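S.K.: Right, I'll just put the structure down here and ask away after.
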């Protein structure tokens, strides 16, 4: 949440409030920002004990939502919307928990699941929505590589096999290979 610069008049007005009135004001402000309320609840009540549980729940949701999208006739737009929605949920998880490891794991899982479920169909369509989906997947892959670089070296090995698998799957889809070349993503780097 961005920091807000408070005016001196506002600071003086707050300083004159009793602790009970300050608490009431704080609760009213928190109630308007559900992300902040969830973050505070996590930090104060759960005390970071449930990061793995939250990550596991979100992991199941990724699989469930993308599998549900296969129940319909393939639509690059539908898959793209689903992935963007899941990406927002992952971002919210990161905001609340500060789970950097989970950020990589969940994004990588989302891409692997999407390519596994829809990879064979991604090359069949040349519409603008298909192109946007391909671009999204390649750029998300680049972001994952950047996030892994920021993690401690010991964690790099945890993601090696998944990155290899993703690289191999993307190599098999000509449309993805073309998009990777356009976005300057070296798929061989993922595989090796």
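S.K.: Please state which of the following conditions residue 127 fails to meet, knowing it meets all the rest: (1) within 30 Å of residue 36 (Cα to Cα); (2) at pLDDT below 90.
M.R.: Every condition holds for residue 127 apart from (1).
S.K.: Which residues, taken from segment 168-192, are assigned to a helix (DSSP H, G or I) and either under 17 Å from residue 117 (Cβ atoms) or modelled with pLDDT of 95 or more (or both)?
M.R.: Keep residues of segment 168-192 that are assigned to a helix (DSSP H, G or I), which gives 168-171, 174-182, 187-191.
168, 169, 170, 175, 176 - these are the residues of segment 168-192 that are assigned to a helix (DSSP H, G or I) and either under 17 Å from residue 117 (Cβ atoms) or modelled with pLDDT of 95 or more (or both).
S.K.: Can you tell me how many residues within segment 67-91 are at pLDDT 90 or above and more than 20 Å from residue 127 (Cβ to Cβ)?
M.R.: Looking only at that region, the number is 7.
S.K.: Regarding residue 119, is this residue surrounded by fewer than 16 Cβ atoms within 10 Å (Cβ to Cβ), out of contact with any strand residue (DSSP E or B) (no Cβ under 9 Å at 6 or more places or on another chain) and not assigned by TED's automatic domain parsing to the domain that holds residue 42? Walk me through how you get there before you give the answer.
M.R.: Numbers: surrounded by fewer than 16 Cβ atoms within 10 Å (Cβ to Cβ): no; out of contact with any strand residue (DSSP E or B) (no Cβ under 9 Å at 6 or more places or on another chain): yes; not assigned by TED's automatic domain parsing to the domain that holds residue 42: yes.
So residue 119 does not fit the description; no.
S.K.: Of all residues in segment 77-96 being touching a residue at least 40 places away in the same chain (Cβ under 8 Å) and buried (at least 21 other Cβ atoms within 10 Å of the Cβ), which is nearest to residue 38 (Cα to Cα)?
M.R.: First, pick out the residues of segment 77-96 that are touching a residue at least 40 places away in the same chain (Cβ under 8 Å): 77, 79-80, 83-84, 87, 92, 95-96.
Now restrict to residues that are buried (at least 21 other Cβ atoms within 10 Å of the Cβ): 79, 83.
On the way: 79: 28, 83: 23 Å.
So the residue we want is 83.
S.K.: Can you confirm whether segment 153-160 contains a residue that is surrounded by 20 or more Cβ atoms within 10 Å (Cβ to Cβ), touching a helix residue (DSSP H, G or I) at 6+ places or on another chain (Cβ under 9 Å) and modelled with pLDDT of 90 or more? Before you say what the answer is, go through the steps one by one.
M.R.: Keep residues of segment 153-160 that are surrounded by 20 or more Cβ atoms within 10 Å (Cβ to Cβ), which gives none.
Among the residues of segment 153-160, not one is surrounded by 20 or more Cβ atoms within 10 Å (Cβ to Cβ), touching a helix residue (DSSP H, G or I) at 6+ places or on another chain (Cβ under 9 Å) and modelled with pLDDT of 90 or more, which makes the answer no.
The values are calculated or read from the model by the stated rules, or taken from the named source; none is laboratory data. Only a predicted model underlies this, so the values are computations on that prediction, with no experimental measurement involved. Methodologically, a virtual Cβ is constructed for each residue, glycine included, from the backbone with ideal geometry; neighbour enumeration extends over all protein chains shown.
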